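Shown next, in structure tokens, is the structure this report addresses.
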Amino acid sequence: MNSSGGVPAPHTLRDYALLADGERGALVGPRGDIVWMCAPAWDSDAVFTALIGGPGWYTVTPAEPFVHGGYYEQGGLIWRSRWITTGGIVECREALALPGDPHRVTVLRRVMAVDGDARVGVRLYPAAGFGRRPLSEPHRDEEGRWTGRAGELYVRFTGAPGAEPAGPDHPGLHAELRLAAGTQDPDAAPRSAFDRRKRQRNSPPVAAEGVRCRPGPAGRSGRGRSPPSVKRRTPTVSAGTWCPPRGWSTIR
């Protein structure tokens, strides 16, 4: 199986993993495709709707052909996507930051080159209002941080300095991460966030400090395992990816 540039193809429902923080949930598929999430709350309009053929999704997917797998880490809802590619093994740890904030959603994703070098494509195409309001007013500052709007939501995307606008067909951002074998490069950490409230431009990445977890198990493939306990501290609502070896960085 490999990735394409269009709308993520649907899977049977049993192939999706649930990420949740008590305020909302997200579904992530076997290609690292978050295809359903209402933001900022359970009863809000969806910002990712590719599950039902809509235009919104957020993917972190190996660039090479792969066979997919994954499992929940013990004790929580941290999902570990695992792909065996033609060049090695790539993993991505995925979760929503705790504790949940009713106004802001934070999606955490950590990419790891477990065996062999890795190239991973990142595509962030938010579309609020069940696809009616795609990303608008995208702006990149001098440090490579992107901001924009999706309907009434404020969007932030950081951690991927090489990200570029994707084009008129799918308004959003895309980037490619390159990781050496055995690394979790902190610079290869795309992050995105959705907030009802406009935040200060240099506001600190709360989820980077607000979420910690125990090291994951050596791991077996297959679903049905639960993730490690997560310490509750700083409220956040965002979607993103992380890579630091000892913590979580956020998409904001």
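Figures for the structure shown
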item	result
Residue in the stretch 176-197 that is nearest to LEU108 (Cα to Cα), counting only those that are modelled with pLDDT of 75 or more and buried (at least 21 other Cβ atoms within 10 Å of the Cβ)	ALA193
Filter result for ARG93 (of a type in the set (D, E, K, R) and either part of a loop (DSSP other than H, G, I, E, B) or over 23 Å from LEU173 (Cβ atoms) (or both))	no
Whichever residue in the stretch 88-136 is charged (D, E, K, R), under 30 Å from ALA181 (Cβ atoms) and in contact with a Lys or Arg (Cβ under 8 Å, 6 or more places away or on another chain) and, among such residues, is surrounded by the most Cβ atoms within 10 Å (Cβ to Cβ)	ARG109
Strands (runs of 3 or more DSSP E) enclosed by the stretch 34-87 - at least 2 residues per element that are surrounded by 23 or more Cβ atoms within 10 Å (Cβ to Cβ) and in contact with a His (Cβ under 8 Å, 6 or more places away or on another chain)	79-85
Residue satisfying condition, being at pLDDT below 90 and closer than 11 Å to PRO55 by Cα, within set PRO126, PRO171, PRO134	PRO171
Residue within the stretch 45-55 that is closer than 19 Å to VAL90 by Cβ and either aliphatic (A, V, I, L, M) or more than 14 Å from the chain's Cα centre (by Cα) (or both) present	no
Selection from the stretch 14-33 of residues that are among the basic types (Lys, Arg) and part of a loop (DSSP other than H, G, I, E, B)	ARG24, ARG31
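The values are calculated or read from the model by the stated rules, or taken from the named source; none is laboratory data. Note that the structure is a prediction, hence the values are computed from the model and not measured. Counting neighbours? That spans all protein chains shown, and the Cβs are built from the backbone with ideal geometry, glycine included.
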